[in-house]
Amino acid sequence: MFDLEIYEIVFIAFFAIAFVFGFFAQQKQFCFSGSLKDYIQIKSTKRAASVVMAMIVAIISTQIFASIFDIDLSSSSYFKSNINYFAIIIGGVLFGAGMMIADGCSSRSIVKFSQGDANALVTLLFIAIFAFASTKGFLFVLVNGFINNQFMIDISSNLSNFTLNIYFVLVILVLILAYFVKKVKRVFSLYDGVIIGFLVGLSWFISGYIGDESIEKEIQVQALSYVFPSAKTLEFFTFFEITELSIGVCIVLGAIFGAYFSTFFNKNIVLDALQKSILIN
């Protein structure tokens, strides 16, 4: 009945994964920057514990999928032969500062927009515009020149022999989680972190194993991300060419619909919307 190409199956699968992500991210207000703010301002570790749990499950599930199905994770864009660590550090600092100023990263802005927050839409549009400008637009020459600066790459190459054992990382994360949780029974309330972490591993499986069989369209090995996909979504709706439909577009649209659908089951969001409508009227 449905004679789908493999890449179409991958697109649908990523839409479904992002839909589930959006649903639970909205239900539990899952947010990395929000978890930092909660801990710094009110010493709450509730959201931080969920984020750390997501990291733990994402690492474990990704390694299990990669091991069982022989997925070559090194073919993803996260692996490069010539890495400029200075670009990574500076980019991370700018991204972190932007998250705090905008009260959330791109995924959080998607969730807030789905809840009816107009400010989040503005944030999301600027993220998409400048992500596009940095990869294909007027900022490309500047950004690309900095990333591929040979002097900084040569210095960074001195760290190429340094590797961080994955088990060591897991132990550190488990210790942090234990500090945040303190009581064992609280672990069971972190189901959003478990689900979101597993979705990361599942996305690697979908793109790296199922997508590897695609002949009609090349599927890049990737997981859930929302910055560059926001730019791809903007490009898709700007030119509205079906050939521009990609995993990134499916991820953004899936998260929007998932978060929006979740609002119907979140009493706090419904009450806030009713209060705002009463105040306006």
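Do the conditions hold for V227, that is, is it more than 13 Å from the chain's Cα centre (by Cα), surrounded by 16 or more Cβ atoms within 10 Å (Cβ to Cβ) and of a type in the set (A, V, I, L, M)? Criteria not met by V227.
From the list I90, I83, which residue is assigned to a loop (DSSP other than H, G, I, E, B), over 26 Å from G258 (Cβ atoms) and among the hydrophobic types (A, V, I, L, M, F, W, C)? Let's see the steps before the verdict.
Details: I90 fails: assigned to a loop (DSSP other than H, G, I, E, B).
Exactly one residue qualifies, and that residue is I83.
Out of everything in the stretch 30-65 that is outside any helix (DSSP H, G or I) and touching a residue at least 60 places away in the same chain (Cβ under 8 Å), what residue ends up being surrounded by the fewest Cβ atoms within 10 Å (Cβ to Cβ)? Of everything passing the filter in the stretch 30-65, T45 is surrounded by the fewest Cβ atoms within 10 Å (Cβ to Cβ). State whether the residues of the stretch 207-215 include one that is modelled with pLDDT of 90 or more, hydrophobic (A, V, I, L, M, F, W, C), under 26 Å from A13 (Cβ atoms) and surrounded by fewer than 19 Cβ atoms within 10 Å (Cβ to Cβ). Within the stretch 207-215, one or more residues are modelled with pLDDT of 90 or more, hydrophobic (A, V, I, L, M, F, W, C), under 26 Å from A13 (Cβ atoms) and surrounded by fewer than 19 Cβ atoms within 10 Å (Cβ to Cβ). Sub-6 Å Cβ pairs linking a first residue in the stretch 137-157 that is farther than 12 Å from A87 by Cβ to a second residue that is surrounded by 12 or more Cβ atoms within 10 Å (Cβ to Cβ) and small (G, A, S), at least 6 apart or interchain, are L139/A133, ordered by first then second residue. All of (1) under 16 Å from the mean Cα position of the chain (by Cα); (2) assigned to a loop (DSSP other than H, G, I, E, B) hold for G22 with one exception: (2).
If the condition is being part of a helix (DSSP H, G or I) and charged (D, E, K, R), then the stretch 193-219 contributes D212, E213. For the stretch 158-176, the set of residues classified as closer than 17 Å to K80 by Cβ, without any contact (Cβ under 8 Å) to a residue 12 or more places away in the chain and assigned to a helix (DSSP H, G or I) consists of N158 only.
Quick check on the stretch 103-124. Is at least one of its residues farther than 23 Å from D38 by Cα, of a type outside the set (A, V, I, L, M) and surrounded by 14 or more Cβ atoms within 10 Å (Cβ to Cβ)? Looking through the stretch 103-124, none of the residues is farther than 23 Å from D38 by Cα, of a type outside the set (A, V, I, L, M) and surrounded by 14 or more Cβ atoms within 10 Å (Cβ to Cβ). Would you check if there is a residue in the stretch 159-166 being crowded, with 21+ Cβ neighbours inside 10 Å and either at pLDDT 95 or above or more than 16 Å from the chain's Cα centre (by Cα) (or both)? No, because not a single residue in the stretch 159-166 is crowded, with 21+ Cβ neighbours inside 10 Å and either at pLDDT 95 or above or more than 16 Å from the chain's Cα centre (by Cα) (or both). Residues that are surrounded by 22 or more Cβ atoms within 10 Å (Cβ to Cβ), within 26 Å of K183 (Cα to Cα) and within 15 Å of the chain's Cα centre (by Cα): does the stretch 2-18 have at least one? Checking the stretch 2-18: not a single residue is surrounded by 22 or more Cβ atoms within 10 Å (Cβ to Cβ), within 26 Å of K183 (Cα to Cα) and within 15 Å of the chain's Cα centre (by Cα).
Select from the stretch 43-83 the residues that are among the hydrophobic types (A, V, I, L, M, F, W, C) and within 15 Å of A178 (Cβ to Cβ) and list them in ascending order.
Initially, the stretch 43-83 is screened for residues among the hydrophobic types (A, V, I, L, M, F, W, C), giving 48-49, 51-60, 64-66, 68-69, 71, 73, 79, 83.
A48, A49, V51, V52, M53, M55, I56, listed by residue number.
Just to check your reading of the model, which residue among V194, V174 is surrounded by 14 or more Cβ atoms within 10 Å (Cβ to Cβ), modelled with pLDDT of 85 or more and closer than 18 Å to F32 by Cα? Being surrounded by 14 or more Cβ atoms within 10 Å (Cβ to Cβ), modelled with pLDDT of 85 or more and closer than 18 Å to F32 by Cα holds for just one of V194, V174, which is V194. Consider the stretch 112-135 and keep the residues that are touching a residue at least 40 places away in the same chain (Cβ under 8 Å) and not in a helix (DSSP H, G or I). The one that is nearest to Y260 (Cα to Cα) is Q115.
The values are calculated or read from the model by the stated rules, or taken from the named source; none is laboratory data. From a predicted model like this one, the values you see are computed outputs, not experimental measurements. Cβ coordinates were reconstructed from backbone atoms using ideal geometry, including for glycine residues, and neighbour counts include every protein chain displayed.
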